[in-house]
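Following: one structure in structure tokens, then a few remarks.
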Amino acid sequence: MAEQQFRVILVTAPDAKTAEVLAEGLVEARLAACVNVVPGAASYYRWEGKLHKEPELLLLIKTRSGLMPDVIGFVKSKHPAKVPEIISLPVMEGEKTYLEFLAANTLFRP
């Protein structure tokens, strides 16, 4: 199984409710096989000329590479931010059984 067919997508959420809506919705729609919600993140960023520091939750979304456009659309439709963080990293290697789990629990889109 070619590992590059999978991605880990990073999304931040401003609160637990948003994180829950995103995580449950992505898994329910089979756009992600698994979403980890990591509390306690602090984001420092510049927006509209000002430095911001915000508490956030980090979502680690495991999915197929071909589902990236669908994940982006879903997150943008449910996220309260004007410009939500949505970036992805390719999975270069992984344990075979876990990668099979990812494949079995996500929609197939080439």
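The values are calculated or read from the model by the stated rules, or taken from the named source; none is laboratory data. All values derive from a computational prediction rather than experimental measurement. Using ideal geometry, Cβ is built from the backbone for each residue, glycine included, and neighbour counts are taken over all protein chains shown. The protein model used for the area step is the full one, side chains on, heavy atoms only, and it has no ligands, DNA or RNA in it. Shrake-Rupley method; radii C 1.70, N 1.55, O 1.52, S 1.80 Å.
Tabulated results
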{"read-out": "Every residue from the range 1-42 that is modelled with pLDDT of 95 or more and more than 16 Å from the chain's Cα centre (by Cα)", "value": "Gly40, Ala42"}
{"read-out": "Residue that is surrounded by the most Cβ atoms within 10 Å (Cβ to Cβ) [pool: residues in the range 43-66 that are under 14 Å from the mean Cα position of the chain (by Cα) and hydrophobic (A, V, I, L, M, F, W, C)]", "value": "Ile61"}
{"read-out": "Considering residues of the range 67-83 that are within 11 Å of the chain's Cα centre (by Cα) and within 15 Å of Thr12 (Cα to Cα) only, the residue most open to solvent (accessible area, probe 1.4 Å)", "value": "Ile72"}
{"read-out": "Where a residue in the range 87-99 is open to solvent by 100 Å² or more (accessible area, probe 1.4 Å) and its partner, wherever it lies, is of a type in the set (S, T, N, Q), with Cβ under 8 Å and at least six apart", "value": "Met92/Gln4"}
{"read-out": "Among (1) over 11 Å from Ala13 (Cβ atoms); (2) at pLDDT 95 or above; (3) of a type outside the set (Gly, Ala, Ser), the one test that Trp47 misses", "value": "(2)"}
